[in-house]
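Chemist: One structure is given below, represented as structure tokens, and several questions about it will come after.
Computed from the coordinates by the stated procedures, all read-outs in this text should not be read as laboratory data. Computed from a prediction, not measured in an experiment: that's the story for all the values here. So basically every Cβ, Gly included, is an ideal-geometry build from the backbone, and we count neighbours across all protein chains shown.
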Amino acid sequence: MPTTVYLIRHGETDWNLAGRWQGHADVPLNAVGARQARLVARRLAGEGVRFDAIYSSDLARAFQTAWEIGAAVKVAVQLLPNLREIDLGTWSGLTYDEIKVTHPTEIALLEQGQDVPRGGGETLSALRKRVVEAVDAIANHHRGETLALVTHGGCIRMLLAHAESFQGDGFKRFPHIGNTSISVVRVGPKGWEPLRVNDMAHLEAADEPELVSAPPDDAERPAL
């Protein structure tokens, strides 16, 4: 039986707002992010979504978001480090413009389409392999169940690209995955199927513009 997997991005952080690439840096939610987390939790509880398990990246911004969801739907959160964002190495904490100044050769290669390790960390292909293998294992363990995975923008892009059998750059295919957006995939014996992408209705309904404000293009290349 197929497993239904909700992919939920963490709420906003100050580094998201500033366009700073986070990677494995353990940056907490800011006030807006905490409000976003409460709203997505309220929405899922209000819609009566019944999760058999909730897994979260072990980074604070994801766990804080997952905790709100778990509290609302009364399901314990389990930490899974393989749901972490891409490892950006020495680029973590920098903006795209800063990285262009300090690492011009690597950025030039990226802009030419080469999948180089970001800041000496991971490539996109390594990130994709890591998160797809993690979700395959979780789905196999929870066959026929409904799961919530609270993770990061880069991870969700890679998982959606895999669900669509898209072999190119997942960031170009899905240029914006909003904070606390909901995407859904079905994982089964016949493969993966995307059901929903970047649903932020809970933020739009709140009628608070700062909750859904999109970062500038440079910051979304990407503010991870």
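Chemist: Near GLY11, within a Cβ-to-Cβ distance under 11 Å, what is the net charge of the other residues, with Lys and Arg +1 and Asp and Glu -1?
Modeler: Numbers: positive: ARG9, ARG35, ARG38, ARG61; negative: GLU12, GLU68.
Neighbourhood net charge equals +2.
Chemist: Taking a ≥ b ≥ c as the square roots of the eigenvalues of the Cα gyration tensor of region 22-82, is the shape rounded (a/c under 1.5), prolate (a/b larger than b/c) or oblate?
Modeler: Because a/c hits 1.5 or more and a/b fails to exceed b/c, region 22-82 counts as oblate.
Chemist: Relative to the present Cα-Cα distance, how much length would full extension add between GLN112 and GLU47 at 0.36 nm per residue of separation?
Modeler: Gain on extension, GLN112 to GLU47, equals 19.0 nm.
Chemist: Give, rounded to the nearest 20 debye, the magnitude of the charge dipole that the chain has about its Cα centre when Lys and Arg contribute +1 at Cβ and Asp and Glu contribute -1 at Cβ.
Modeler: It comes to approximately 680 debye.
Chemist: Still on this structure: Per DSSP helix of 4 or more residues, -39500 (n - 2.57); summed, then divided by the residues of the chain. What does that give at 222 nm, rounded to the nearest 500?
Modeler: After summing the helix terms and dividing by the residues of the chain, the value is -11500 deg cm²/dmol.
Chemist: Also, quick follow-up: For a quick protection proxy, order the peptides 152-159, 169-176, 3-10 by their average other-Cβ count within 10 Å, most packed first. It would help to have the intermediate numbers written out before the result.
Modeler: Numbers: 152-159: 27.4, 169-176: 16.5, 3-10: 25.4.
Output ranking for 152-159, 169-176, 3-10: 152-159, 3-10, 169-176.
Chemist: Oh, and also: Quick one: angle between helix 31-46 and the longest Cα principal axis of the chain, in degrees between 0 and 90, rounded to 10, please.
Modeler: Helix 31-46 sits roughly 30 degrees off the main axis of the chain.
Chemist: Straight-line reach from LYS190: which lysines have a Cα under 22 Å away, not including same-chain ones fewer than 8 places off?
Modeler: LYS129
Chemist: Of the labelled options (1) 91, 41, 35; (2) 49, 41, 25; (3) 87, 37, 28, which one gives Cα extents along the principal axes in Å as computed for this structure?
Modeler: It is the value labelled (2).
Chemist: Roughly what angle does helix 124-141 make with the longest principal axis of the chain, taking Cα atoms, 0 to 90 degrees, to the nearest 10?
Modeler: Taking Cα atoms only, the helix is inclined about 10 degrees.
Chemist: Report the label-to-label distance for ALA31 and THR90 in nanometres (one decimal), using points 7 Å from each Cα along the Cα→Cβ vector.
Modeler: 3.7 nm
Chemist: Taking the Cα centre of region 1-131 as origin, work out the dipole magnitude from +1 charges on Lys and Arg Cβ and -1 charges on Asp and Glu Cβ, in debye rounded to 20.
Modeler: Roughly 560 debye for region 1-131.
Chemist: Sticking with the crude label model, points 7 Å out along Cα→Cβ, report the distance from ASP169 to ASN140 in nm, one decimal please.
Modeler: 3.2 nm
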